[in-house]
Amino acid sequence: MGVRQTMRAVLMGPPSAGKGTQAARLGMEFGVPHISTGDMFRAAIAAGTELGRQARGFMEAGKLVPDEVTMGIVRERLGQGDARSGFVLDGFPRTVPQAEGLREILANQGVKLDVVVLIEVPEDELIRRATGRRICPECGRVYHVEWNPPPGHACACGVALVQRKDDSPETVKERLATYRTQTEPLRDYYSAEGSLAVVDGTGDPDEVHRRIVCALGRCSL
Ligand code: AMP
C-alpha cells in the first residue's frame, strides 16, 4: 500500500449543480477540508460580522461578492494548517481574477491544483432543483419539495424549514446569469492549463459521486 496522495481539487458548476453535497462527501472521504466560500459568507451573516455585512446585499441579489473580499477570506483559510496538505474548494474560484489569485497563493506554498471538476446540469433542471430546495436552519438538513420531501412541513429534527433567500425564482435566474457571464470563462481558463475534467451532474447523487471520483483519478478506490 502506497502513501496516500493528497488532493487539491476545485468543484465548479452552476448554482444547484450539487457542488456542496459532492464536495462535503469528497472532503470526508479523502480526509481534506471542504472549503465553501458560500458557507463562509452565510456563517458570517449569521454571526453578524463585518464580512457578513459586506457580503449580504450581493448574495441576496444573486450577484458575486467582490473579488477583494472573497480573496481575503480564501487567502486566510488556505493558510490554516489543515488546508496546507489538501482541500476541496466549493464555489471558489468564480471569476478569472479569483483563479489567478488562487494560483498565486498555491505557488507561494510551492504547490498546484490537481484537478478542477466542472459539474454540468441542464438549465431547466437547475431551476427546479434550486426553487424546490428547503433547508433546516437548525441542523442543516437539505430537502426538496418534489424529490426528497420533508416529513410533514418540518425537518426530521422538528424545526420549521426555510428557503434560502437566494433560492427564490428571480434570484436563481440572476445567479445563473452571473454564472454564465463571470464564472463560465473559467472553463477555458482551466481547460487551457490541462486541469479541467467535465462530469455529468444529472441522476443519482451516488452515481455523480462515482463519476467525480473517477475524474479525480481515484476510480479504483
Ligand atoms: P453558493 O453557496 O456557493 O451558491 O454561494 C452563495 C452566494 O455566495 C453566491 O451567489 C455569491 O453571492 C456568494 N459567493 C460564494 N462564493 C463566491 C465567490 N467565490 N465569489 C464571489 N461570491 C461568492
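In table form, for the structure just shown:
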read-out: Among Gly217, Tyr143, Val32 the positive-end extreme of the charge dipole of the chain (Cβ point charges); value: Val32
read-out: Cα gyration tensor of the chain - equivalent ellipsoid semi-axes, whole Å, descending; value: 27, 21, 18
read-out: Interchain or long-range residues, amide H under 5 Å from Leu118's placed H; value: Met12, Ala197, Val198, Val199
read-out: Cα-based shape type of region 175-221, given that a ≥ b ≥ c are square roots of the gyration tensor eigenvalues and the cut on a/c is 1.5; value: oblate
read-out: Alpha carbon convex hull of region 93-221, projected area averaged over orientations, nm²; value: 10.1
read-out: Helical contribution to [θ] at 222 nm, DSSP H n ≥ 4, -39,500 (n - 2.57), averaged over the chain, rounded to 500; value: -13500 deg cm²/dmol
read-out: From the C-alpha gyration tensor of region 1-95, square roots of 5λ in Å; value: 26, 15, 11
read-out: Derived scalar couplings ³J(HN,Hα) [region 183-188; Karplus, 6.51 cos²θ - 1.76 cosθ + 1.60; whole Hz; x for Gly, Pro]; value: 9, 4, x, 5, 4, 5
read-out: Pairwise centroid distance, computed over Cα atoms, of region 151-187 with region 93-126, Å; value: 21
read-out: Residue among Asp206, Asp114, Asp39 with the largest mean-square fluctuation in a Gaussian network model of the chain, springs linking Cα atoms under 10 Å; value: Asp206
read-out: 3J(HN,Hα) from dihedral phi, region 68-75, Karplus parametrisation 6.51/-1.76/1.60, rounded to Hz, x for glycine, proline; value: 4, 5, 5, 4, x, 6, 6, 4
read-out: Arg8 long-range amide H proximity, modeled H, under 5 Å; value: Phe87, Asp114, Val115
read-out: Rounded to whole Hz, the Karplus (6.51, -1.76, 1.60) HN-Hα couplings of region 189-201, x for glycine and proline; value: 4, 7, 5, 4, 8, x, 10, 8, 10, 9, 10, 6, x
read-out: Degrees, to the nearest 10: 19-30 long Cα axis against longest axis of the chain; value: 50
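We did not get these values from a lab; they are worked out from the coordinates using the rules stated. This is a predicted model, so every value here is computed, not measured. So basically every Cβ, Gly included, is an ideal-geometry build from the backbone, and we count neighbours across all protein chains shown.
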